[in-house]
Every structure is written in structure tokens, then in C-alpha cells.
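Since the structure comes first, as C-alpha cells, the remarks are kept for the end.
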Amino acid sequence: MKLYILPGACSFVPHTALEWTGADYELEIMDHDALKSDAYLSINPQGTVPALVDGDTVVTQNIAVQTYINALYPDAKIFGANQSPVEKADIMHWLAFLNADLHKGFAPLFAPHKFVEEDTAQEDLQSNAQEKVISMLDIPNTQLGKQEYLTGSKSTADVYLYVVLRWAKKFNLNVEKYQNFNAFISRIEADKGVTAALAQEGLEKV
Ligand SMILES: N[C@@H](CCC(=O)N[C@@H](CS)C(=O)NCC(=O)O)C(=O)O
């Protein structure tokens, strides 16, 4: 099984999940050019990570990749410890929020030129995107005021939030008012799978 990743990208989430499973897997560390190569586009026509190749099976889209890993290694409980119907809905709720809303909110910060051409328009777009992202971060911060992890037990949703909080630091977003994130980051960075994935991706703790 091979997982395609970009260091520090959302692919960090299935990367950590594979660490949690103890599975024998190969990591393919890509760069932006390699993502747009014909070879990679034949795996993922969107030219994005993550992509997981397992024999003849190719899985793309972050939540789908995690779902595949969870199905292969249910004992690793990557979606959290308890999996009643309500808890299954809860993990999907958080993953959808993180993947579809919060993650997407960063797109204008990473690549404003993909949205508008002019410098001043890009600055306006980035400033609006920053405000929107900061406002969305209120939601997980509030949840972490009630419990240590988003769904109550550690899951890939927490790792996804951790990735997003690294991006918030990268873009110097002022999230100081969200008092629950510092302790949360320390908790996540103490995790063995996270520590291993950080080292393999050449990343420092934050
Ligand atoms: N909806 C996709 C989003 C994937 C995505 O945006 N991946 C980013 C990294 S976080 C990427 O590959 N960016 C490189 C690029 O767009 O060139 C998923 O869930 O897999």
C-alpha cells in the first residue's frame, strides 16, 4: 500500500492514520510539480494529495482514504473509540466540517492567484479569507472547551484540526482568543503516530 503526500498538507491525516494502524505501507513524498505530472495525474486526475494505492485499488479524497483505512484496520479505531450510530455521525460531521469548510477556507490564502489576478484584489481576498477562517475556528475551539478531543476520544478529526492549526500559524492568523488550542496542540503532538508522521514528513512540532 502506498500513500502519496505533500509535507504538512491534509495528507498528514491519513498518514497519521496509517501510523496508528501499524500497517506496512510506503510513503511517496511529492512536490507541487510531481503532483501535476502525467504519472501522478493517472492516479489522481485532480493532481492533489492524498492518494492511496493498494494493489489495483486507488482511493482519493481525504475522507474516502480515511474510510478505506478504517475499513481495513477497524481495530486501530482511527475514527474514535466508540462507534455507536450517533458517534459515527459525529466523526463524519467533524471530518466534513474540517475537509469541506475549514480546509477550503484556506484556499485563497495558499493560492490567491487562482481566484483573482490583481494584487489589491488578492490582498482583499486574503484578508476576507483570514477573517472567515478565524471565525470558523470558533467552532472547534468551543468544542475543545467541553472535551479533550473533538468527538470525545482521539480520532483523525483531531489530526485534521491539528493540520489546519499549523496552517493558521503559517499564515500568522491571530487565534489567540481561542484558548483551548494550545493545550490541544500539545496533546496531539504527544501522540506517537503524529510524532512519527511529523518526522517522516520532515516537519517540526509547533
Ligand atoms: N477535497 C480534496 C482536497 C485535496 C487537496 O486540496 N489537497 C491539497 C493539499 S491539502 C493539494 O494537494 N494541493 C496541491 C495542489 O492543489 O496543487 C481531498 O479531500 O482530498
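The values are calculated or read from the model by the stated rules, or taken from the named source; none is laboratory data. Just so it is clear, the structure is predicted and the values come from calculations on it, not from any experiment. We place every Cβ from the backbone using ideal geometry, glycine too, and count neighbours over all the protein chains shown.
Out of the residues in region 20-57 that are in contact with a helix residue (DSSP H, G or I) (Cβ under 9 Å, 6 or more places away or on another chain) and in a helix (DSSP H, G or I), state the one that is nearest to the ligand (Cβ to nearest atom).
Among residues in region 20-57 that are in contact with a helix residue (DSSP H, G or I) (Cβ under 9 Å, 6 or more places away or on another chain) and in a helix (DSSP H, G or I), the one nearest to the ligand (Cβ to nearest atom) is LEU35.
Considering only region 58-79, I want to know if a residue exists there that is touching a helix residue (DSSP H, G or I) at 6+ places or on another chain (Cβ under 9 Å), within 16 Å of the ligand (Cβ to nearest atom) and in a strand (DSSP E or B).
yes
If I go through region 80-110 residue by residue, how many of them are in a loop (DSSP other than H, G, I, E, B) and modelled with pLDDT of 95 or more?
So the count comes out to 2.
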